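A.B. asks: Take this structure first; my questions come after.
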Amino acid sequence: MKTIKTFVIAAALATVSFSSFAAQIGTVSASDNTLDGLESTFAAKAAAAGATSYKIIEAGGQNRIHGTAVLYK
């Protein structure tokens, strides 16, 4: 019985997403000529805001790439 209980708890914890452990502290947007440049801009903005991580939630464009990222602490 204890084994089943442990398995159920482990399975429940495994399905919890990362964002539920990290606090969302805001969003940032940026533009650049390349996707690498856009990601570098997000990294710099996240560091300036004191975020420990970020997740790019959208990026697109033709001649100039623009995007939005969520910051987490």
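A.B. asks: Within the range 21-37, track down each residue that is farther than 16 Å from TYR72 by Cα and touching a Ser or Thr at 6+ places or on another chain (Cβ under 7 Å). So that I can check it myself, show each step before the final result.
C.D. replies: Within the range 21-37, the first condition is being farther than 16 Å from TYR72 by Cα, and the residues that meet it are 30-37.
ALA30, ASP32 - these are the residues of the range 21-37 that are farther than 16 Å from TYR72 by Cα and touching a Ser or Thr at 6+ places or on another chain (Cβ under 7 Å).
A.B. asks: Then there's this: Of the residues THR27, THR15, THR34, THR41, which single one is over 13 Å from the mean Cα position of the chain (by Cα) and at pLDDT 95 or above? Even if it seems obvious, please write down each step before you answer.
C.D. replies: On the way: THR27 fails: over 13 Å from the mean Cα position of the chain (by Cα); THR15 fails: at pLDDT 95 or above; THR34 fails: at pLDDT 95 or above.
The unique qualifying residue is THR41.
The values are calculated or read from the model by the stated rules, or taken from the named source; none is laboratory data. Not measured: the values here are computed from a predicted model. Quick reminder, even Gly has a Cβ in these numbers, built from the backbone with ideal geometry, and neighbours come from all protein chains shown.
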